[in-house]
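Colleague: What follows is a structure written as structure tokens; I'll ask about it next.
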Amino acid sequence: MHYSDLGMIAQLLALVFAVYAIIASVFGARLRRPALQASGRLSVLAVAAFLILTSASLFASFVTHDFGLQYVAQHSNLAMPWYYTVAAFYGGQEGSLLYWTMMLAIFSAIAVLSYRRAPEGLMPYVVAVLMTIDGFFLIVLNFVSTPFVRVRVAPMDGAGLNPILQDPGMLVHPPMLLMGYMSFSVPFAFAVAAMITGKLDNGWLRAIRRWTLAAWSIQTTGLLLGAWWSYHVLGWGGYWGWDPVENAALLPWITATAFLHSTMVQERRGTLKVWNLALIIATFALSIFGTFEVRSGIINSVHSFAYSSIGPYFLGFLGVIVLGSIGLFFYRLPRLRPEHEWDSFVSREGGFLVNNWLLTGIAFATFWGTIFPILSATFRGQTMTVGTSFYNLTDGALFLVLIAVMGIGPLLAWRRASWQSIWRNFRWPALLAALCAIILPIFGEANIVANIGFAVCAFAAATIFYELWRGMRVRHGHGESYPTALLMLVRRHRQRYGGYLVHLGLVILAVGVIGSHFFQAEQDLSLRAGQSATVAGYTITYRGISSSVQDSVQTIKTHFTISQNGQHLNDIYPGERIFPGFEDQPASIVSITTYGATDLYVFLAGYEGTNSATLKVFINPLVSFVWLGGILMLLGGILCWWPVARPVARLSETGAATNRRIPAATRAPGNVKVAAKAPRAEVTS
Amino acid sequence: MAIEQVTPVETPARSKRRKVPWSFIIAGVVIAGAIVYLVLANTGSSAEYYMTVNQLRACSSCAARTVRVSGIVVANSIVHDNATQTIHFQISDTNSTKMTVVYSGVVPDIFKAGVQVVVEGTLGSNGVFQAQNLLTKCPSKFQAATPPPSGQ
């Protein structure tokens, strides 16, 4: 008896309970038998429990180095430190699948336990949809791609984890990214349940509001960690390469972002119902598409994951999701009438609409570029690819307009914004943007496109700060000090200001992207011992090389000094590590030193003993802004969804109390009560 | 229940649906048009052929245009020229036509004979491929490089 036997049994039982949950829920709902529905809900908990058990047994197999288990032998060895041994759990396809399946079951259990107040009659179908998704994964896991394949004679040691994965990034990025995409199954399940039951009012949207915000935050974290990992490990000087695998991860994030915005219109104005359903279906379908694309090898990527047989299963599942959702969607289309008409284009909903068109455009362009090799092969008989310039030009232009709209939209009134209010809201930010556009070239920034980009960012940031300042001034007028006023504003209207924080983060991130894209400098250096070279004012001198072996990993470190104007700044040690079993795949140790907002990124490209070393040196301006902006976006997202803490409930009269009951942005941007406190004339319209 | 909620709205809504203000329609058409234009124009300017060595040999219209070619680095074909920081090597599909590639620039860590590479550049009239970019295909393979020493 091995731990893996336990795992095999547990994952099979999980499948049985998942199937039971589907049947019990659907029949319970059809026959109006609450007891049957309840047993369906309970078996979701059983599925989660069995999958935790499955994972625990794989985990135990790794920790006890059970190399008789093929998966353990392929992804770990005795020399690996315990944390990478544990992370090797999701180092291969089977383990990633198990992780997906388990997390989906856990999230389903959380949904079952936490949605006691969900709209009447919705939950059985939510359970059925979630368990159908998990059931699909369980079938693949049990019968197609299982981590529990044993060999008769266990090898003495395993092959180990690929060197590039033996990095702190491995511990956090894959679980976060996978969890982010999987967590959108729950909103998708609510959408499908709403379509099946015909309860297409705003109830289902309100029920998942907080959930989608949390899922978005997790997705954002996953993407940021991926960019950071790629930047500090791969040695190519960048953090985003528009590789098909990266695009697959970005696509659902874009449609999820669009969904978060357009639901506010539905909750407030009762329009865009069709659109919201389409977006949530697209988000979920794209996350499955990503898995399919990555695993099937259908698109040529620099990241070659192990190609495998599960591609067709995912394609089939994708087809079922898309066709099934579209079928339901058209079946329910007659009920999806807007409750209000559209008034003026220059209004909050107009802003949201433009935001959604742009985000959809970005998603479409990215998707187009990603599948272009397939399209061209099908329609022109010749495989063609689009390079990064396609994405930079297309998505870059659309993002720039998006950031401008992001500055304008939140300050427009619902239904109809008066020109007076527009003048009052935007004159200062516009002036600042114009100043920025004029001043930057004087300081020697010569690129016109970058200048426009910086000016747009300045405008968007200024609208946010201007709005914040006016809110504080009003409270200050009522006797609060400015810091208290700021604190109270944020506490009272967390989703509103959380949203602003996300926007500000995106602006800062955009500044970082513009800076590092347009002003990156790159130089190859070949230095002999003692020799110096100067790149962008930084003098780099080769001091020597050393080699050491620890835990059978050989580490080669070169020693360079960086100085500027004769002043010693830093010692850096770019190098590489060579892992046993992977002698032909050294993992680079990239040296990144930050001066002001500029990264000096040094990658050791080659060395010949102590004689000479070849370096690739990148001067990356403003990359720190990318990380700073990303962290702000994440904090803003968390501020939006984090449950209201008790002290806040005590402090406020009605605000926080209703906060607890009505999830969401029914009160968020532009609520009358919120707006009444802000000095804005359009409130009355 | 849901029907009752929606039905009263339905009739007036239907007549109002036709009255989506022109400003929305115009703005939508403009933005959609701009997106489609951007996508098509940038596709036209940045699309490159992606082919194998044999396909490139067979292609008559590919001379002097930028293409991406994938192939395996031929054994014992790599020649480093340290003075000019240039390397010469040959790539081929499986056991077929070889093509000489010239590349100057930093060579990826794991570049060596037998790995799959993608080169981006142009095929000169002398049959030598001038590469601007050299990508190796293994670095983030999420699977062990060597098969496990199983006892079977």
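Colleague: In debye, nearest 20: dipole of the stretch A:1-117 around its Cα centre with unit charges on the Cβ of K, R (+) and D, E (-)?
Modeller: It works out to roughly 880 debye.
Colleague: How do A:353-359, A:333-339, A:396-402, B:125-131 rank on mean C-beta neighbours within 10 Å, highest first? Kindly include the intermediate steps, with their values, before the conclusion.
Modeller: Numbers: A:353-359: 22.9, A:333-339: 16.1, A:396-402: 20.3, B:125-131: 14.0.
Ranked by mean Cβ neighbours within 10 Å, highest first: A:353-359, A:396-402, A:333-339, B:125-131.
Colleague: Turning to a different aspect of this structure: Using 7 Å Cα-to-Cβ label points, what is the B:Y37/B:A63 separation (nm, one decimal)?
Modeller: Once both label points are built, they end up 3.8 nm from each other.
Colleague: Starting with the fewest neighbours, write out A:K557, B:K112 ranked by other beta-carbon atoms found within 10 Å of each beta-carbon.
Modeller: Ascending Cβ contact count within 10 Å gives the list B:K112, A:K557.
Colleague: Here's another thing I want to ask about it. Put +1 on the Cβ of each Lys and Arg and -1 on the Cβ of each Asp and Glu in the protein assembly as shown; which of B:L38, A:S145, A:I540 then has its Cα farthest toward the positive end of the dipole?
Modeller: Looking along the dipole axis, the top candidate is B:L38.
Colleague: Within the protein assembly as shown, what is the number of lysine pairs with alpha carbons under 28 Å apart, leaving out pairs fewer than eight places apart on the same chain?
Modeller: Step by step, the pairs that qualify in the protein assembly as shown add up to 18.
Colleague: With Cβ to Cβ distances under 15 Å as the rule, what net charge do the other residues near A:D157 carry (K, R +1; D, E -1)? If you can, show how the numbers build up before the last one.
Modeller: On the way: positive: none; negative: A:D66, A:D551.
The answer is -2.
Colleague: Something else about it: Net charge near B:S46: determine it from the other residues with C-beta under 14 Å of the C-beta of B:S46, scoring Lys and Arg +1 and Asp and Glu -1.
Modeller: Result for the neighbourhood of B:S46: -1.
Colleague: Give the separation of the Cα centroids, the stretch A:472-537 to the stretch A:333-367, in Å.
Modeller: Here the answer is 29 Å between Cα centres.
Colleague: Please report how far the C-alpha centroid of the stretch A:246-299 lies from that of the stretch A:105-174, rounded to the nearest whole angstrom.
Modeller: Here the two parts' Cα centres lie 21 Å apart.
Colleague: Determine the percent antiparallel among the DSSP beta bridges restricted to the protein assembly as shown, to the nearest 5.
Modeller: 90
Colleague: Span-like helices, chain A: DSSP H, alpha-carbon axial extent 30 Å or more, mean Kyte-Doolittle -0.5 or greater, which ones?
Modeller: A:3-30, A:34-63, A:93-114, A:203-233, A:244-269, A:273-296, A:311-332, A:348-380, A:419-442, A:448-477, A:494-518
Colleague: Using only C-alpha positions, report the orientation-averaged shadow area of the convex hull of the stretch A:458-601, nm², one decimal.
Modeller: Its Cα hull, projected and averaged over all orientations, spans 14.6 nm².
Colleague: Let me know the charge dipole size of the protein assembly as shown about its Cα centre in debye, to the nearest 20, where only the beta-carbon of Lys, Arg (+1) and Asp, Glu (-1) is charged.
Modeller: So the dipole magnitude of the protein assembly as shown works out to roughly 3780 debye.
Colleague: Now for a different question. What's the center-to-center distance, using Cα atoms, between the stretch A:368-413 and the stretch A:181-209 in Å?
Modeller: What the calculation gives is 29 Å, centre to centre.
Colleague: Among A:L251, A:M406, A:V72, whose Cα lies farthest out toward the positive end of the dipole of the protein assembly as shown, if unit charges sit on the beta carbon of Lys, Arg (+1) and Asp, Glu (-1)?
Modeller: A:M406
Colleague: Right, here's the next one. Return a whole-number percent for the relative contact order of the stretch A:481-608, with Cα pairs under 8 Å and 6 or more residues apart as the contact set.
Modeller: The normalised contact order for the stretch A:481-608 reaches 11 percent.
Colleague: Which number comes out as Rg/Rh for the stretch B:49-136 once both Rg and the Kirkwood Rh are worked out on C-alpha atoms? Don't skip to the end; give the middle numbers.
Modeller: Details: Rg = 11.9 Å, Rh = 12.8 Å.
Looking at the stretch B:49-136, the ratio lands at 0.93.
Colleague: Using DSSP to define loop residues, name the trypsin sites (Lys or Arg not before Pro) in the stretch A:14-50 whose beta-carbon has at most 13 other beta-carbon atoms within 10 Å. Spell out each step's value before the answer.
Modeller: Working: sites: A:R30, A:R32, A:R41; in loops: A:R32.
Passing sites in the stretch A:14-50 are A:R32.
Colleague: What does the net charge come to around A:A109 if you take all other residues with beta carbon closer than 11 Å to its beta carbon, with K and R at +1 and D and E at -1? Numbers along the way, then the final one.
Modeller: Details: positive: A:R41; negative: A:D134.
Net charge around A:A109: 0.
Colleague: Right, next: Estimate the FRET efficiency between A:R116 and A:Q564 by the formula 1/(1 + (r/R0)^6), using the beta-carbon distance for r and 60 Å for R0, to the nearest 0.05.
Modeller: It comes to 0.45.
Colleague: Given the DSSP H assignment, sum -39500 (n - 2.57) over each helix run of at least 4 residues in chain A and divide by its residue total; what's the result at 222 nm in deg cm²/dmol, nearest 500?
Modeller: -21000 deg cm²/dmol
Colleague: Also: Suppose R0 equals 41 Å. What FRET efficiency, 1/(1 + (r/R0)^6) with r the Cβ-Cβ distance, do A:Q523 and B:T97 give to the nearest 0.05? The partial results should precede the final answer.
Modeller: Numbers: r = 36 Å, r/R0 = 0.88.
After rounding, the FRET efficiency stands at 0.70.
Colleague: Another question, if that's okay. For a quick size check, give me the Cα extents of the protein assembly as shown along its three principal axes, largest first, whole Å.
Modeller: Its Cα atoms span 80, 74, 58 Å along the three principal axes.
Colleague: Could you work out how far apart the two model spin labels at A:E341 and A:A446 are, taking each label as a point 7 Å from the Cα in the direction of the beta carbon, and quote it in nm?
Modeller: Spacing of the two 7 Å Cα→Cβ label points: 5.6 nm.
Laboratory data are not the source of any read-out in this text; all were calculated from the coordinates shown. Quick caveat, the model's predicted, so the values are computed rather than measured. Please note: Cβ atoms are built from the backbone with ideal geometry, for glycine as well, and neighbour counts cover all protein chains shown.
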